[in-house]
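Trainee: Submitted below is the structure of interest, expressed as structure tokens.
Computed from the coordinates by the stated procedures, all read-outs in this text should not be read as laboratory data. Predicted model only: the values in this text are computed from it and were never measured. Because the Cβ atoms are built from the backbone with ideal geometry, glycine has one as well, and the counts that use them run over all protein chains shown.
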Amino acid sequence: MDKARAAIEKDLAKQVDRGKMEQQNATEILSRIVFSDDLAAAAQADLFIESIVEDIDVKREKFAEIDAAVNSGCIIASNTSTLGITAMQSTTGRDRHGRFIGLHFFNPATVMKLVEVIPTLTTEASVTADALAFVEAIGKIPVLVHDETGFIVNRLLTPYMLDAMRCFESGLADIAGIDTAMRLGANHPMGPLSLADYIGLDVVMAMADNLYESFGHEYMKATPVLRQLVNAEELGRKSGIGFYDYSQKPPLPNPQLDKK
């Protein structure tokens, strides 16, 4: 709970410092948030959004607990980036299936406008309508997506990052060169290797594994350098090193990789 509060406080402080929010608004936002590690605190919730580790077994176990904790009218949603919504829905009671949906926010959720809305075959039409209305009410833009692994964005984005890694592995260019080319040549805000570091290399690998398991395409398969970094717990920005070394500003390419 303390970690969650600290993260939200830090994000709000950044927005205040950048002039995007008044301090009073930031204080009011924080005052409306109740932090708890007890699911019973959400017993009367109208909407419960899960956002935990991208592991189907962990999520399925947690959804069984959530189903028992919240009221019968509550809509349960998952913020998964790639996993099937139906596979998680099945762990709840059959009377809950119609009130289960995917709501995939993008990082950082306070800034990114898109939310992928993913109903299953059994999600009630009124629940989908409520989910779309909720997304619009909080100032986001919803896109309705069928329940397939990776949805739209990560089904397209993950192979793009993986192919950039294969370009690096093959010696086509170095880390900075690949990122610079895509920033300047495609007008992307950050290059694919920087983006992978930003997302978290463990998350990227999980997305790759999920996509490869679902579709079997070689271009969706995690690359050796990605697995090497994850096994070494060099996960990108959150660990301080990945494709780039973030111990300095501006970050420089990971010297252990760039010398290979």
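Trainee: Loop-only check: which GluC sites (Glu not before Pro) in the range 186-248 are DSSP coil with at most 14 other Cβ within 10 angstrom?
Mentor: Qualifying residues, ordered by number: Glu233.
Trainee: Same structure again: For the chain, restrict the atom set to alpha-carbon positions and state the Rg and Dmax in Å.
Mentor: 19.8, 57
Trainee: For Ala64 and Glu9 in one chain, what is 0.36 nm times their gap in residues minus the Cα-Cα distance, to one decimal in nm?
Mentor: 16.7 nm
Trainee: How much space per residue, in cubic angstrom, does the convex hull of the C-alpha atoms of the range 141-182 take up?
Mentor: On the way: hull volume 3.1 nm³, N = 42.
Cα convex hull per residue, to the nearest whole number: 73 Å³.
Trainee: For His217, project a label point 7 Å along Cα to C-beta. Then give me every residue of the range 140-181 with its amide nitrogen under 17 Å of that point.
Mentor: Zone members listed by number: 146-167.
Trainee: To check my understanding: the extent here is largest minus smallest coordinate of the Cα atoms along each principal axis. What are those three numbers for the range 153-258, in Å, largest first?
Mentor: 39, 31, 24
Trainee: Also: Quick one: pull the percentage of alpha-carbon pairs in the range 55-157 with a separation above 16 Å.
Mentor: Looking at the range 55-157, the distances longer than 16 Å represent 54 percent of pairs.
Trainee: Going by how many other Cβ atoms sit within 10 Å of their own, how do Tyr244, Tyr219 line up, fewest first?
Mentor: With the sparsest Cβ surroundings first, the list reads Tyr219, Tyr244.
Trainee: Skipping prolines and chain starts, which residues have an amide H placed within reach, meaning under 5 Å, of the one on Tyr244, given they are 5 or more residues away or on another chain?
Mentor: Answer set, sorted by chain and number: Asn254.
Trainee: Straight-line reach from Lys238: which lysines have a Cα under 25 Å away, not including same-chain ones fewer than 8 places off?
Mentor: Lys3, Lys10, Lys14, Lys20, Lys59, Lys62, Lys113, Lys221, Lys249, Lys259, Lys260
Trainee: When you count, for each residue, the other Cβ atoms within 10 Å and take the mean per peptide, how do 93-102, 51-60, 247-256 rank with the highest first? Display every interim value, and only then the final one.
Mentor: Working: 93-102: 18.4, 51-60: 14.0, 247-256: 12.1.
Result, highest mean first: 93-102, 51-60, 247-256.
Trainee: OK, next. Sort 120-130, 82-92 by packing, meaning the average of other beta carbons within 10 Å per residue, with the highest value first.
Mentor: Per-residue Cβ counts within 10 Å, averaged per peptide and sorted highest first, yield 82-92, 120-130.
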